[in-house]
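A.B. asks: This is the structure, below, for whatever I ask next.
The values are calculated or read from the model by the stated rules, or taken from the named source; none is laboratory data. Everything numeric here is computed off the predicted structure, so don't read it as measured data. Note that each Cβ is placed from the backbone with ideal geometry, even for glycine, and that neighbours are counted across all protein chains shown.
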Amino acid sequence: MLSRNTLETVDFSNNVLHSLVGPIYNVDSLKILNVSTNFCSNISKFFFSSDFKNLERLNFQNNLLGYVLPDDIDGEIFHNLESLTGLVLSKNRIPNLPENIFKSQRNLQKLDLSENIFTDITFRVSHMMHLQELDLSGNRITIVGDPITSQWESLARKQNFSVDLTENMLECNCISIKFIEWMTITNVRLKNRKKYKCMLWNRTIIALHNPRETYNLLKKHCTSYEHLEIALVSGILLFIIIIVGAVVYRYRWKLRYLYYIVKVKYSSLHSENEEEYSYMYGAFVSYADEDRMFVHNTLLQKLEIENGIELCLHKRNFLPGNDIATNITSAIHNSRRTLVIMSHNFLKSYWCMFKYNMARMESIYERRNENVLFLMFYEQMPSCDLPLNVLEMIQSKSYIEYPNDEYGDTVFWDQLVNALK
């Protein structure tokens, strides 16, 4: 603590004041404080007491404040320095500063942050209504974002305001094009602008003394780049759509089966264990409409009436009001077997093939490869007329052909009844 005094200038430069803890009192008259070149890496938030209220110029050049200032989120270190007009923080290895670190410096006229290691500018200056000069030279700034340039522009409309960005390797590419455009129209005085340099997208370094020319070059390049980017994204999306489409097509019957079987199960009031499941029908008969006379007159008589195998026929047993696909899936799921009356007419019918594929999926995914699907060839059909999924079926599973003679007829019905039971 100092005794009462009338000191206006204090110079502590070129010492080894590595930490400023404080608080310091009785410095009401102090206007200029120089603490440059002191290896100072710490300033406590209590050091600058309210007695520094008249301090106008503060010089912290050539210290190590980059270790402490980035953590001062609430601007407590400089909180009491409301009369500052000049602040020098150059050569302090500062990488960034919080937005509100200078919240109390409304009277600041000159802010020197040169020769630090800034890569981005985030601190607020819009409240510094008297700020005339901001020195950011000798840093690592590549681009200045819209929020900051808007603040600078606001200051430039009120007074003569300049920014020095020399010795920063600015970027001239499609990301920074808005910043380069701003340089062509800004009211901010860009100090030593003819010395500005920037790196193009191909890492070529050019002088930025004519921002308009550079902007036009970037605009031309980025337009073609955007077209390339759109084409690339479209190509990737098309590739993904093709892959997804191929997968969906490959497993289309499985996906459709899963959809309808879930729909059927959710519509049921009760769920039962597989071991205790009681089927409503002995067999679901899938046939073409052109073969209905055989099914309704002969098949129904032989299987249901004479042998007690309850059949599910779409003309008789499908619930009105339900969509066809749901009725088909429900019938297959609630039948012990699915009997397919294979014929040329069957292969031509969309819904017949739908029934066949749904029964095949039921056999694979719901009944754990149990022989649910049974094929009966109602007429002679050469293998060249059969689709691949039917050929695969008859090569791996048993099937039966409808005979034309009386003796074969008896054997046929016996075999069919045994297969369905």
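A.B. asks: Does any residue of region 139-160 turn out to be buried (at least 16 other Cβ atoms within 10 Å of the Cβ), farther than 20 Å from GLU181 by Cα and at pLDDT 90 or above?
C.D. replies: yes
A.B. asks: Could you pull out the residue among GLN61, GLN105 that is closer than 30 Å to ASN160 by Cα, buried (at least 18 other Cβ atoms within 10 Å of the Cβ), modelled with pLDDT of 95 or more and not small (Gly, Ala, Ser)?
C.D. replies: Result of the check over GLN61, GLN105: GLN61.
A.B. asks: On to the next question. Just to be sure before I move on: is LEU97 within 30 Å of GLY145 (Cβ to Cβ), assigned to a strand (DSSP E or B) and either in contact with a strand residue (DSSP E or B) (Cβ under 8 Å, 6 or more places away or on another chain) or of a type outside the set (Gly, Ala, Ser) (or both) in the structure I sent?
C.D. replies: For LEU97, the condition - within 30 Å of GLY145 (Cβ to Cβ), assigned to a strand (DSSP E or B) and either in contact with a strand residue (DSSP E or B) (Cβ under 8 Å, 6 or more places away or on another chain) or of a type outside the set (Gly, Ala, Ser) (or both) - is not met.
A.B. asks: Can you tell me which residue is surrounded by the fewest Cβ atoms within 10 Å (Cβ to Cβ) among those in region 287-301 that are within 12 Å of MET376 (Cβ to Cβ) and in contact with a strand residue (DSSP E or B) (Cβ under 9 Å, 6 or more places away or on another chain)?
C.D. replies: PHE294
A.B. asks: Out of the residues in region 21-39 that are of a type in the set (Gly, Ala, Ser) and surrounded by fewer than 16 Cβ atoms within 10 Å (Cβ to Cβ), state the one that is farthest from LEU55 (Cα to Cα).
C.D. replies: Among them, the one singled out is GLY22.
A.B. asks: Write out, first by first residue and then by second, each pair whose Cβ atoms fall under 8 Å of each other, whose residues are 6+ apart or on separate chains, and whose first residue, in region 314-326, is in the same structural domain as GLU362 (by TED's automatic domain parsing) while the second is not in a helix (DSSP H, G or I).
C.D. replies: Close Cβ pairs (under 8 Å, with a partner that is not in a helix (DSSP H, G or I)) amount to ASN317/TYR281; ILE324/PHE318.
A.B. asks: Let me confirm something: among ASN107, ASN139, ASN92, ASN96, which residue is in contact with a Pro (Cβ under 8 Å, 6 or more places away or on another chain) and in the same structural domain as PHE52 (by TED's automatic domain parsing)?
C.D. replies: Testing whether each residue is in contact with a Pro (Cβ under 8 Å, 6 or more places away or on another chain) and in the same structural domain as PHE52 (by TED's automatic domain parsing) leaves just ASN96.
A.B. asks: Mind listing whichever residues of region 323-355 are within 16 Å of ASP291 (Cα to Cα) and surrounded by fewer than 24 Cβ atoms within 10 Å (Cβ to Cβ)?
C.D. replies: ILE341, SER343, HIS344, ASN345, LEU347, LYS348, SER349, TYR350, TRP351, CYS352, MET353
A.B. asks: Inspect all residues belonging to region 177-200 and state whether any of them is more than 26 Å from SER150 (Cα to Cα) and surrounded by fewer than 11 Cβ atoms within 10 Å (Cβ to Cβ).
C.D. replies: Looking for residues that are more than 26 Å from SER150 (Cα to Cα) and surrounded by fewer than 11 Cβ atoms within 10 Å (Cβ to Cβ), one finds none in region 177-200, hence no.
A.B. asks: If you don't mind, another one. So for region 105-112 (the condition being of a type in the set (D, E, K, R), closer than 27 Å to LYS197 by Cα and part of a loop (DSSP other than H, G, I, E, B)), does at least one residue qualify?
C.D. replies: no
A.B. asks: Here is a further query. Report every pair of residues separated by at least 6 positions or lying on different chains whose Cβ atoms are under 6 Å apart, first residue within region 121-138 and closer than 24 Å to TYR196 by Cα, second basic (Lys, Arg) and assigned to a strand (DSSP E or B).
C.D. replies: GLU133/LYS110
A.B. asks: List the number of the failed condition for SER83; all other conditions in (1) among the polar types (S, T, N, Q); (2) under 15 Å from ASN14 (Cα atoms); (3) surrounded by 17 or more Cβ atoms within 10 Å (Cβ to Cβ) hold.
C.D. replies: (2)
A.B. asks: Next question. Mind checking which residues of region 278-309 are closer than 18 Å to GLU401 by Cβ and either assigned to a helix (DSSP H, G or I) or not assigned by TED's automatic domain parsing to the domain that holds CYS352 (or both)?
C.D. replies: ASP291, PHE294, VAL295, THR298, LEU299, LYS302, LEU303
A.B. asks: Another question, if that's okay. Kindly provide the set of residues from region 182-210 that are within 26 Å of ASN160 (Cα to Cα) and modelled with pLDDT under 85, ordered by number.
C.D. replies: If the condition is that a residue be within 26 Å of ASN160 (Cα to Cα) and modelled with pLDDT under 85, then ALA207, LEU208, HIS209, ASN210 are the ones that fit.
A.B. asks: Another question about this same structure. For region 132-158, what are the residues that are of a type in the set (Asp, Glu) and in a helix (DSSP H, G or I)?
C.D. replies: Answer for region 132-158, where residues must be of a type in the set (Asp, Glu) and in a helix (DSSP H, G or I): ASP146, GLU153.
A.B. asks: Report, ordered by the first and then the second residue, all pairs with beta carbons closer than 8 Å, sequence separation of six or more or different chains, a first member in region 395-421 that is in the same structural domain as PHE374 (by TED's automatic domain parsing) and farther than 16 Å from VAL285 by Cα, and a second member that is assigned to a loop (DSSP other than H, G, I, E, B) and modelled with pLDDT of 70 or more.
C.D. replies: LYS397/ASN371; SER398/ASN371; ASP409/PRO403; VAL411/PRO403; PHE412/TYR402; PHE412/PRO403
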